[in-house]
Amino acid sequence: MPLATAVIALHLAAALSVLLLMPTLAGAALAAALAALGAMAAWSRALLRSPLSVRAVEVEGPSLALELANGERVTAEVAGRRYVGRFMISLPIVQPVRRTILITADMAQADSFRRLRVWALWRKLPAVAAKQLPA
């Protein structure tokens, strides 16, 4: 919810700036378009209400399986460059459509998030260790 509020607030600030610089009918139309764009961006991107919003991510070898809000399941190819941090993972998808999936630490359980971080770095999940040898 804070992200959606920020998106809308920034679009409204841009609309107000346009109105201050262009106090004409064209400026008012542009400001209204910016405000509408902010509402649409918040709805589809920040609140994930679009039918094409990603609801679940599953690792399948070197690729990802994405479950969309409309129930569809697609296999996605991740780009070579990704960002992996302590609290966030950014996965640029190149196929089937170009988009970036942002996953924060509070979106998953700690172990699942850790495993996804390892996968994003090395493109493979950590293996389960074989039975330890006696000391």
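Structural remarks
- Within region 50-77, the set of residues being closer than 19 Å to residue 105 by Cβ and touching a strand residue (DSSP E or B) at 6+ places or on another chain (Cβ under 6 Å) comprises 54, 55, 56, 57, 58, 64.
- Restricting 12, 30 to residues that are modelled with pLDDT of 90 or more, hydrophobic (A, V, I, L, M, F, W, C) and buried (at least 16 other Cβ atoms within 10 Å of the Cβ) narrows the list to 30.
- Here no strands (runs of 3 or more DSSP E) wholly within region 1-117 include at least 3 residues being on the phi < 0 side of the Ramachandran plot, among the aromatic types (Phe, Trp, Tyr) and touching a residue at least 60 places away in the same chain (Cβ under 8 Å).
The values are calculated or read from the model by the stated rules, or taken from the named source; none is laboratory data. From a predicted model like this one, the values you see are computed outputs, not experimental measurements. Methodologically, a virtual Cβ is constructed for each residue, glycine included, from the backbone with ideal geometry; neighbour enumeration extends over all protein chains shown.
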